[in-house]
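Undergrad: Here it is: the structure, laid out below.
The values are calculated or read from the model by the stated rules, or taken from the named source; none is laboratory data. Worth saying up front: this structure is predicted, and the values here are computed from it rather than measured. Here the Cβ is made from the backbone with ideal geometry for all residues, glycine too, and neighbour counts use every protein chain on show.
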Amino acid sequence: MSLALPTPYRRIRGFFRAGHRSVFAYRGNLLLGMLGMVVQVVLTIVVWRVVYSGHGAVAGISKTTAVAYAILAASFQTIVMPWQFSSIPTRIRRGQIGVDMVRPASLIAQSLAQAVGTMVGRLPIGVAGILTGLAMQGLRPPAGTVAGIAWVASTAAGVANVLLINLAVSMVAFWTLDISGPMIVYRFGSAFLSGALIPLWFMPSWLRPVLDWLPFSAQMYDPLAIWFGTIHGTGIASTLAIQVGWLVMLWLLVAVIWRRATYRVVVLGG
Amino acid sequence: MIVVRDLVKEFSRPDVRPGRLQGTRSLFTRARKVTRAVDGISFDIGAGELVGFLGPNGAGKSTTIKMLTGILVPTAGTIQVAGQVPWRDRRENARTVGVIFGQRTQLWYDLPLRDSFDIIRDLYAVDQPTYERRLGEFRELLELDEFLDTPVRSLSLGQRMRGDLVAAMLYEPRIVYLDEPTVGLDVVAKARIREFVAETNRQRGTTIILTTHDMDDVEQLCQRVVIIDHGRILYEGDLAALKSAYVTHRDVVIQLADGTGTSVDSPYARVVEATAEQVTLRFDPREMSAPAVIHDLTSRYAITDLSLLEPDLEDVITRLYTASRDQVASR
Amino acid sequence: MANVGVVREDMRAARILLRASWRAALQYRTSFVTVILGGIALQGTQLLFIGVLLAKFGQIGGWRINDIAFVFAVRLAAHACYVVPAGAILQSDFLIQQGEMDRYLLRPAGIYLQVITSRAPLMALGDALLGFGAVAIFAPRAQIHWSMWTVLYLLIAIVGGGLVETAIQTFICAFSFVLTSTSSMQILADDTVTRFSGYPLTIFGRWGLLTLTFGFPMAFIAYLPVTVLVGRAHDSVIPFWLAAISPLAGPILFILAFAVFNRMIRRYSSPGS
């Protein structure tokens, strides 16, 4: 039974499905993704446990917290930050962007729908990571009910953050057709700065102020810090406020880039 | 030149019934579905012939061509091209054949057209004097000068096709395969390509194998045709014989300015449909020539527009297929 | 002998095709610097990771900072030796999809050769910079006595390590001819090697080390040769003689993978047939 949605929404739902299906497009793609996740989580847990052997708490963080963080971060990252950015750069390259420029809201909504679709498609891979973490007794529950609830809100804000930044970076494609360089710098730079690769607790102290002024920590580190209770009490409220603040700024940034992009459409291969 | 015996090609795919959770189920199924794309084809092509390969999409034409060119390895049967087995003697075969795919270019996308020719010259070890002579001929025949230094990605379809023709023939291959060379081109471009292909076949005795859906391509170029459907040869032989056997009618549609459509008639053709402005007439091309019908109509009526409809290839093949099926049934 | 002529032909073809790929790559002038940065960013993040870890923890699995940093550096250099000549092998799925592979089968040159020369190794130059830079920095600091022989061993090990990674990806990409997509396997292999081949693999336990030597031959890339250089090759379940000849694994594995690649071409079913 399908809902009878008005046409623009149906189109967007189509993009959601496209993103979702792309994950299944090839037999074994998902299975291998899950296998890869299992391997990665197992090896990561081993590395962290070995790294911690002979140490108590480091930078105030215990071994169990560090291991649990690594599992959750890896699972989150694999769902939310797939290799493929939005379809915008590909469509620009193929010259398919012209028609959609007429309806700006629709292009952005389409890209977001596709990104969300892909994320939903990748959920099984993240789940594989979580299950592996459980099997290796690496996971820890949230620091309390408040922490748990706040974590949900914080994660939602983090996902929105990722979507908006991805969109903004993809739109660089309106200016330069070959964006693989900036894309990779962004992806791995942000992976490092968001706490995805290594918890920000361990970053050298001189780097901390820089991190506070960038939106990346709001993607991964903030939600997880809330989960593990290193941010607690009133800190939770202020963290959430900052996350929302970043969302507002990113939304404005996307709007500004978009307006400049509409003046600069280069249609390749017409 | 080309000898094909009992050629067979099978493809095997995971077999998943469409439906709910199709994606997930495809991960776990082990059942495979085997399709026989080519089911026992045999034919010969002599040196210097210009042969057309016809058939609906999915008939097995491109699979056959890919086996002839060495891209695919046959499941069974034998192929000999100029004394070599294409998929086994791949490199030597590559030097003797030129291949043009209508849908995909072999040119280097980001470089000027001229660079692609230089690269081909180097790859195929064509010596400089021969290269310059050949390029000179092509430049004249195909009018390349205006876009020789343009990057390939900026070329129009017609220009790119011409570029591909040169690239495929630069090293003087003895056999050339053309896969849908005129698809998407305008009338002028099509004519130019056909002219060039015919010239090449005539002047140099290059064996040419042409896959096409365009009946005019066939009419103007092919001496022989091979019609393939469902992986089998439906018809193989002279084009003239094919027409006389299976093309029983062609239609002419005329537009009239003075609204006298309903009173039009012709001693050469039968009226099929008529309104005040437009009349469709039908004639048998085996008995009557199109020019005769047209000349008669234009000399007696005030015609503003006229089109001669092509005989539907699908029609011919359907008739062929029905005929062969009837043949099987009557045994 | 026919094979010598073929090799010479292919060397010629390689030069011609590479020149073309470079010219094509240089058309996109705007991204040159960012592309090289991109190349560094990918592997460099791992280096940053290990740097931060070591700064906070001091040692891993009994190996001190300098020696671990050296293993990472060797791994990065080996990676450069793979990605500069043969990085384009990862395009195999794309080339098949786009119909390029069909065209390669019609040219008088080796298929593998045409695949790896299909793209100029622009981003890979960043890897080379990073890898050899890292070795230059960390080699003097490692607890190794550097003589002509140990330097030679190191260089052979780096090239051998590059060949191991090339062999792994070549083997996976061989299956592009029969599977719709190998990108997941490529990424899985690449990810695992990127993240974990720079650690002393003893931290993964006995079975972990054995799997990573004989199952997925990652140990041959940097770990085993370095254990010989730092004098730790007697410590583990891997016999000393195997660790000592570990640089040879590269050529052997590559020849095997190359043979598999060429066999798989026969089972190719081109798209749109």
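Undergrad: Every residue in region C:96-116 that is within 19 Å of C:Ser184 (Cα to Cα) and either surrounded by fewer than 21 Cβ atoms within 10 Å (Cβ to Cβ) or touching a Lys or Arg at 6+ places or on another chain (Cβ under 9 Å) (or both), please.
TA: Hits for region C:96-116 are C:Gln97, C:Gln98.
Undergrad: Would you mind stating whether B:Lys66 is without any contact (Cβ under 8 Å) to a residue 12 or more places away in the chain, out of contact with any Pro (no Cβ under 7 Å at 6 or more places or on another chain), closer than 27 Å to B:Glu199 by Cα and crowded, with 21+ Cβ neighbours inside 10 Å?
TA: Considered against the rule, which asks whether it is without any contact (Cβ under 8 Å) to a residue 12 or more places away in the chain, out of contact with any Pro (no Cβ under 7 Å at 6 or more places or on another chain), closer than 27 Å to B:Glu199 by Cα and crowded, with 21+ Cβ neighbours inside 10 Å, B:Lys66 comes out as yes.
Undergrad: Have a look at C:Asp102, C:Asp93 and point out the one that is away from chain B (no Cβ under 14 Å) and acidic (Asp, Glu).
TA: Exactly one of C:Asp102, C:Asp93 is away from chain B (no Cβ under 14 Å) and acidic (Asp, Glu), namely C:Asp93.
Matching residues to (1) under 26 Å from B:Asp217 (Cβ atoms); (2) among the small types (Gly, Ala, Ser); (3) more than 26 Å from the chain's Cα centre (by Cα):
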| residue | (1), (2), (3) |
| --- | --- |
| B:Arg270 | no, no, yes |
| B:Glu277 | no, no, yes |
| B:Ile294 | yes, no, yes |
| B:Ser307 | yes, yes, no |
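Undergrad: Another one. For B:Gly55, only one of the following conditions fails: (1) at pLDDT below 85; (2) within 10 Å of chain C (Cβ to nearest Cβ); (3) surrounded by 24 or more Cβ atoms within 10 Å (Cβ to Cβ). What is its number?
TA: All conditions pass for B:Gly55, except number (2).
One line per residue, one yes/no per condition, for (1) assigned to a loop (DSSP other than H, G, I, E, B); (2) out of contact with any Gly (no Cβ under 6 Å at 6 or more places or on another chain):
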residue	(1), (2)
C:Ala78	no, no
C:Val83	no, yes
C:Ala88	no, yes
C:Gln91	no, yes
C:Arg103	no, yes
C:Arg107	yes, yes
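Undergrad: Given the structure, is B:Val34 of a type in the set (A, V, I, L, M), facing another protein chain (nearest Cβ under 9 Å), free of Cβ contacts under 8 Å to residues at least 60 places away in the same chain and surrounded by fewer than 22 Cβ atoms within 10 Å (Cβ to Cβ)?
TA: no
Here is a yes/no grid of residues against (1) modelled with pLDDT of 90 or more; (2) touching a strand residue (DSSP E or B) at 6+ places or on another chain (Cβ under 9 Å); (3) not polar (S, T, N, Q):
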{"site": "C:Leu155", "(1), (2), (3)": "yes, no, yes"}
{"site": "C:Thr170", "(1), (2), (3)": "yes, no, no"}
{"site": "C:Cys173", "(1), (2), (3)": "yes, no, yes"}
{"site": "C:Thr180", "(1), (2), (3)": "no, no, no"}
{"site": "C:Phe214", "(1), (2), (3)": "yes, no, yes"}
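Undergrad: List pairs: first residue in region B:142-156 and within 14 Å of chain A (Cβ to nearest Cβ), second residue polar (S, T, N, Q) and in a helix (DSSP H, G or I) anywhere in the structure, Cβ distance under 8 angstrom, at least six positions apart or on different chains.
TA: B:Thr150/B:Gln159; B:Val152/B:Ser116
Undergrad: Here's a follow-up. Name the residue, out of B:Leu72, B:Leu144, B:Leu107, that is aliphatic (A, V, I, L, M) and more than 23 Å from B:Thr206 (Cα to Cα).
TA: B:Leu72
Undergrad: Related question: Of all residues in region C:131-166, which are within 19 Å of C:Leu224 (Cβ to Cβ), surrounded by 14 or more Cβ atoms within 10 Å (Cβ to Cβ) and of a type in the set (Phe, Trp, Tyr)?
TA: C:Phe138, C:Tyr153
Undergrad: Would you point out the residue of region A:170-226, among those that are of a type in the set (Ser, Thr, Tyr) and assigned to a loop (DSSP other than H, G, I, E, B), that is modelled with the lowest pLDDT?
TA: For region A:170-226, the residue satisfying everything is A:Thr176.
Undergrad: Let me ask something additional. If you check A:Ala128, A:Ala143, A:Ala113, which single one turns out to be surrounded by 15 or more Cβ atoms within 10 Å (Cβ to Cβ) and not in a helix (DSSP H, G or I)?
TA: A:Ala143
Undergrad: If you take just the helices (runs of 4 or more DSSP H) that sit entirely in region B:58-141, which of them hold at least 3 residues that are within 8 Å of chain C (Cβ to nearest Cβ) and under 30 Å from C:Ala25 (Cα atoms)?
TA: Helices (runs of 4 or more DSSP H) meeting the threshold: B:90-96, B:113-123.
Undergrad: Picking from B:Pro285, B:Pro291, which residue would you name as being under 21 Å from B:His213 (Cβ atoms) and not hydrophobic (A, V, I, L, M, F, W, C)?
TA: The unique qualifying residue is B:Pro285.
Undergrad: Which one is modelled with the lowest pLDDT among residues in region C:1-53 that are over 24 Å from the mean Cα position of the chain (by Cα) and either at the interface with chain A (Cβ under 9 Å from one of its Cβ atoms) or not in a helix (DSSP H, G or I) (or both)?
TA: For region C:1-53, the residue satisfying everything is C:Met1.
Undergrad: Further question: Can you find a residue that is modelled with pLDDT under 90, surrounded by fewer than 17 Cβ atoms within 10 Å (Cβ to Cβ) and over 21 Å from the mean Cα position of the chain (by Cα) anywhere in region A:35-47?
TA: no
Undergrad: Looking only at helices (runs of 4 or more DSSP H) that fall completely inside region C:139-252, which ones have 1 or more residues that are more than 14 Å from chain A (Cβ to nearest Cβ), touching a residue at least 60 places away in the same chain (Cβ under 8 Å) and more than 16 Å from C:Gly61 (Cα to Cα)?
TA: C:148-174, C:223-230
Undergrad: Please determine whether any residue of region C:70-84 is surrounded by fewer than 22 Cβ atoms within 10 Å (Cβ to Cβ), within 30 Å of C:Ser269 (Cβ to Cβ) and not acidic (Asp, Glu).
TA: There is no residue in region C:70-84 that is surrounded by fewer than 22 Cβ atoms within 10 Å (Cβ to Cβ), within 30 Å of C:Ser269 (Cβ to Cβ) and not acidic (Asp, Glu).
Undergrad: Select, from C:Arg119, C:Arg64, C:Arg107, C:Arg103, the only residue that is among the charged types (D, E, K, R) and under 30 Å from A:Ala59 (Cα atoms).
TA: None of the other options fit; the residue is C:Arg64.
Undergrad: Do you know which residues across region B:205-241 are in contact with a Gly (Cβ under 9 Å, 6 or more places away or on another chain), part of a loop (DSSP other than H, G, I, E, B) and buried (at least 18 other Cβ atoms within 10 Å of the Cβ)?
TA: Within region B:205-241, B:Thr206, B:Thr212, B:Cys222, B:Gly231 qualify.
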